[in-house]
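Inspection log for the structure reproduced underneath, given as structure tokens.
None of the figures in this text is laboratory data; all of them are computed from the coordinates on show. On a predicted model such as this, the values are computed, not experimentally measured, just so you know. Here the Cβ positions follow ideal geometry from the backbone for every residue, glycine too, while neighbour counts run over all protein chains shown.
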Amino acid sequence: MFRKFILLLVLLNITSSCKYIHYSFKEGSIAADVKSISIGYIQNKASIIVPQLSQQLTDKLRQKFQSETRLDMVSSDGDFDIKGTITSYVVESVSLQAGQKASQNQLKISVQIQFTNKKNSKGDFNETFTQFAEFGSDKSLTSVELGLITLITEKLTQAIFNKTLSDW
């Protein structure tokens, strides 16, 4: 009896000392009959064209679905089909200091995504996703732009991924 009590205490101590619990939403709500996904090249039709932005966003979306779902990536006509267009790429002032000088700026990117679920059209959507990242007004956009684009495309990719795999 005493050994069982000690064993129970040790197990409780081990499980309660875990600091991180990892929950994976890998498959979301992908029906069993959905086998493939096609993700077209995300065209950039924003007023400011950054050459690497389209390719980076397209690649991140493809990598996300390949690494976190069981779906086969196909070049076209997938059971899930994603098409998109970058519609906006703007820098805005977000907070003003005394004397009306901006202390923070933000780079904001919007992308229009058309998602088609060929197995269940109830999941279809055509939606604009917008994400941003802030940077200090003491820095030039060119000095932080690549890092901001990386951060924003990661946020956009996660938002698009979540929307395509949710029933909400």
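Y89 sits among other residues whose Cβ lies under 13 Å from its own Cβ, and their net charge, with Lys and Arg +1 and Asp and Glu -1, is 0.
A full extension of the chain between A32 and Q104 corresponds to an added length of 21.2 nm, given 0.36 nm per residue minus the alpha carbon distance.
Take the Cβ-Cβ distance between K119 and A159 as r, set R0 to 25 Å, and report the resulting FRET efficiency rounded to the nearest 0.05. Between K119 and A159 the formula returns 0.65. The orientation-averaged projection of the convex hull spanning the C-alpha atoms of the range 56-168 amounts to 8.3 square nanometres.
When you restrict to C-alpha pairs under 8 Å that are six or more residues apart and normalise by the size of the range 64-168, the relative contact order lands at 23 percent. Once the chain from S140 to S47 is taken as fully extended at 0.36 nm per residue, the excess over their C-alpha distance is 31.5 nm. Ignoring aspartates and glutamates fewer than eight residues from K118 along the same chain, the ones with Cα atoms less than 16 angstrom from its Cα are D33, D72, D77, D79, D81, D167.
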